[in-house]
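Each remark here refers to the structure printed beneath this line.
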Amino acid sequence: NAPQSFIIKPTTVPLKNANGVESFSFKRFDVGDGLSGNVTHCLAVDHSGNLWIGGLGGLDKYDGTSFTNFSIANGLGSLRISRLLVDSGGTVWIGSWDGLYKYDGKHFSTVIEPKKGQTENSRIGIYHLMQGPDGSIWAGGSSGVDNSSFYCIKGDSIKHYGTKEGLPEAYIHGIASL
């Protein structure tokens, strides 16, 4: 089967401040300002307007004034954050090079745990996250030891998909909703 053709049409979204004026100011932040690391991989904004920043060094929350850093000491399972998603209920989902975690505003919990004894080639890395129309969370990335690379999380249930279930390879390059 040949792949279907599609067209990507660029869209420009006008950004305006509260007065309707298109003006912007930019500030560069680094560890000197309170970030946990200088390499940023992903950003997300929660329902309160906080900016979540993930990268090498951990997870940070910026409230517009100061940073709150989250690390292993706070219960986060990895300091190598690759993807963030704030779901419709306000839960922050954290994809990492070492599994999938979520933060409910008070506590971190492990959703997809890295396997013990993982090597660089057998790690479960989560690099893509999306919330489905039914509220389920879809996660994709690298294969891990069981060759599963695509996951659907609904409540406490996790369905794994990999090459055994028909995926052509054990790496997910992106997730989109139709």
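Of everything in the range 107-133 that's closer than 22 Å to residue 43 by Cβ and either part of a loop (DSSP other than H, G, I, E, B) or touching a Pro at 6+ places or on another chain (Cβ under 6 Å) (or both), which residue is modelled with the lowest pLDDT?
For the range 107-133, the residue satisfying everything is 125.
Can you confirm whether the range 4-14 contains a residue that is closer than 25 Å to residue 83 by Cβ, at pLDDT 65 or above and open to solvent by 100 Å² or more (accessible area, probe 1.4 Å)?
no
Report, by residue number, each residue of the range 69-82 that is buried (at least 16 other Cβ atoms within 10 Å of the Cβ) and either part of a helix (DSSP H, G or I) or of a type outside the set (A, V, I, L, M) (or both).
Of everything in the range 69-82, those that are buried (at least 16 other Cβ atoms within 10 Å of the Cβ) and either part of a helix (DSSP H, G or I) or of a type outside the set (A, V, I, L, M) (or both) turn out to be 69, 70, 77, 78, 80, 82.
Please enumerate the residues belonging to the range 134-169 that are charged (D, E, K, R), open to solvent by 60 Å² or more (accessible area, probe 1.4 Å) and modelled with pLDDT under 75.
If the condition is that a residue be charged (D, E, K, R), open to solvent by 60 Å² or more (accessible area, probe 1.4 Å) and modelled with pLDDT under 75, then 169 is the only one that fits.
Could you check residue 27 against (1) at pLDDT below 95; (2) surrounded by 17 or more Cβ atoms within 10 Å (Cβ to Cβ) and say which number it fails?
(2)
Could you list, in sequence order, the residues of the range 47-68 that are assigned to a strand (DSSP E or B) and open to solvent by 70 Å² or more (accessible area, probe 1.4 Å)? Lay out the reasoning, then the answer.
Going through the range 47-68, the residues assigned to a strand (DSSP E or B) turn out to be 51-56, 58-62, 67-68.
Listed by number, the list is empty, since nothing qualifies.
The values are calculated or read from the model by the stated rules, or taken from the named source; none is laboratory data. This one's a predicted model, so the numbers in the text were calculated from it and none came from an experiment. No Cβ is skipped: glycine too gets one built from the backbone with ideal geometry, and neighbour counts run over all protein chains shown. Protein only, heavy atoms only, side chains kept; ligands, DNA and RNA dropped before computing areas. Shrake-Rupley method; radii C 1.70, N 1.55, O 1.52, S 1.80 Å.
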